[in-house]
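Input: a single structure, listed below in structure tokens.
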Amino acid sequence: MKIRYAAFVAIAIGLVVILFGLYPANTGQDATSRQINVEAKEVSDLSKDLQKNDEDWKELLTDEQYKVARQCGTEPPFSGKYYDFKGKGSYQCVCCGNVLFGSNSKYDSGSGWPSFWEAVNDSAITKIVDRSLGMVRTEIKCKKCDAHLGHVFEDGPEPTGLRYCVNSASLTFVPDTTEITEETDKKN
Ligand SMILES: [Zn+2]
């Protein structure tokens, strides 16, 4: 009897030790996997514009915007809504809202397309060598969603000497307001 009792006590103690020993480890594991899920969700939020397919873009954009931004089209010169537009504000990607250009770098190049001598920052735009139509040009795309914007040439004004030649159809103009300026100042 004594041996059986001792064995029972030993097993009971063993079970208690195992249960209490495993409990914190399980909690830790849950916390870790929860964290990984949250991170994965944030990553997918960031790249959700890249996950849109052709049908999604067709629904979201006008025919002209779709043809230019998603199929590397070019609007006819002097036809877009921004080539002669002089509003103060920023120009965003028509597809994803990524801020690309500011009105302070817009100038009249005479080309018939909205022209800028610089982008808001280097990380907003991807530059790709384009050898189509028997020319070597540098295509510019939205870095966030891969929308075709236009081309960049080296015949722009100072201080950069660059001419970002952009289709109006790839852009959405957002006017500057006093509220936005104040908000930005507070954050800075
Ligand atoms: Zn974009």
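The values are calculated or read from the model by the stated rules, or taken from the named source; none is laboratory data. The structure displayed is predicted, hence computed values, not measured ones. Cβ coordinates were reconstructed from backbone atoms using ideal geometry, including for glycine residues, and neighbour counts include every protein chain displayed.
Okay, here's what the table says:
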quantity: Selection count where residues are within 12 Å of the ligand (Cβ to nearest atom) and surrounded by fewer than 19 Cβ atoms within 10 Å (Cβ to Cβ), scope the range 64-95; calculated: 0
quantity: Residue that is surrounded by the fewest Cβ atoms within 10 Å (Cβ to Cβ), among those in the range 134-149 that are touching a residue at least 40 places away in the same chain (Cβ under 8 Å) and not hydrophobic (A, V, I, L, M, F, W, C); calculated: Asp146
quantity: Leading residue by the ranking (farthest from the ligand (Cβ to nearest atom)) among those in the range 113-132 that are surrounded by 20 or more Cβ atoms within 10 Å (Cβ to Cβ) and part of a strand (DSSP E or B); calculated: Ser115
quantity: Some residue of the range 68-88 being in contact with a Phe, Trp or Tyr (Cβ under 8 Å, 6 or more places away or on another chain) and in a strand (DSSP E or B); calculated: no
quantity: Among the candidates Gly156, Gly110, residue that is modelled with pLDDT of 95 or more, away from the ligand (no atom under 16 Å from the Cβ) and at positive phi; calculated: Gly110
quantity: Single unsatisfied condition, Ala147 versus (1) farther than 15 Å from Gln71 by Cβ; (2) of a type in the set (Gly, Ala, Ser); (3) within 11 Å of the ligand (Cβ to nearest atom); calculated: (1)
quantity: Residue in the range 63-74 that is among the aromatic types (Phe, Trp, Tyr) and closer than 28 Å to Pro159 by Cα present; calculated: no
quantity: Of residues in the range 133-161 being in a loop (DSSP other than H, G, I, E, B) and acidic (Asp, Glu), the one nearest to the chain's Cα centre (by Cα); calculated: Asp146
